[in-house]
Each structure stands twice: as C-alpha cells, then as structure tokens.
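Chemist: Please see the structure below; I have some questions.
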Amino acid sequence: MANRRELKRNINGLLGDVIEECYNSLLNNEGKNEEQVEALVDECVDLADELIAKVNSAKKLKSRAGRKKLFSDVKESLGDNVIAYIEKLNAL
C-alpha cells in the first residue's frame with residue numbers, strides 16, 4: 001500500500017505534467033483554443049485539490065482495508081482522468 005506522501009506526489013506530478021503540456025500547447029498554437037486549454041488547466045487543478053483532500057481524509061478511517069480501498073480509488077480516478085485530459089488536449 002502506498003503511503004500518503006507518495007500518493008500526493010504522484011497526483012501533483014501527473015497532473016503537473018498535464019498542465020505543462022497544456023501550456024506547451026498554448027505556446028505552440030498561439031491564439032488557438034486558448035479558452036478551452038485554460039478550462040482544461042482549471043479542471044486539472046480542481047481534480048488535484050479533490051484527490052488530495054480524499055487522501056488527507058484517510059486519516060479519519062479506522063480500518064486499514066478502508067484506507068487501502070480509498071487509495072486504490074484515488075489511483076484509479078487519477079489514471080482515468082489523466083488519460084481523459086490528454087485525449088481532450090490532443091483533440092483541440
């Protein structure tokens with residue numbers, strides 16, 4: 001089971017990479033789809049805040065199985081959303 005610190009680093013790292021790609025897209029395609037890319041960046045930041053809040057809420061869970069399931073759900077959500085965000089960015 002991953003610890004909270006590693007999971008938070010993964011969340012920030014992966015979503016940070018997506019945000020970096022968004023800004024690279026803005027630089028390479030000046031003036032095109034700027035609002036949509038900025039909206040995607042906002043979605044990434046909101047997701048990061050939401051997932052980190054879930055990870056922090058693991059302290060309140062009494063059982064190890066509950067924490068393990070919560071971390072598993074966070075990892076799955078992170079992976080699915082990162083893929084979806086990259087696909088959205090490529091479609092722009």
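Chemist: Hey, got a sec? Which trypsin sites (Lys or Arg not before Pro) in region 1-71 land in a DSSP loop and have at most 13 other Cβ atoms within 10 Å?
Modeler: Those that pass, being in a loop and sparsely packed, are Lys32, Lys62.
Chemist: Next up: Output the DSSP H helices from the chain with an along-axis C-alpha extent of no less than 20 Å and a mean Kyte-Doolittle hydropathy no less than -0.5.
Modeler: Taking the DSSP H segments of the chain (at least 20 Å long, mean hydropathy at least -0.5), we get 34-56, 64-91.
Chemist: Given contacts defined as C-alpha pairs under 8 Å and at least six residues apart, what's the relative contact order of the chain, whole-number percent?
Modeler: Contact order relative to length: 41 percent.
Chemist: For region 28-75, what is the largest minus smallest coordinate of the Cα atoms on each principal axis, given in angstrom and ordered from greatest to least?
Modeler: Principal axes ranked by extent give 51, 15, 12 Å for the Cα atoms.
Chemist: Ratio of Rg to Rh for the chain, alpha carbon only, Kirkwood?
Modeler: Answer for the chain: 1.08.
Chemist: Oh, and also: Can you show me the helix-derived [θ] at 222 nm for the chain, built from DSSP H runs with n ≥ 4 at -39,500 (n - 2.57) apiece and divided by the number of residues, rounded to the nearest 500.
Modeler: Estimated from H runs of four or more residues: -29500 deg cm²/dmol.
Bear in mind these aren't lab numbers, they're just calculated from the coordinates by the rules spelled out. A quick note: this is a predicted structure, and the numbers were derived from the prediction, not measured. Neighbour counts are summed over all protein chains in view; Cβ atoms, including those assigned to glycine, are modelled from backbone coordinates with ideal geometry.
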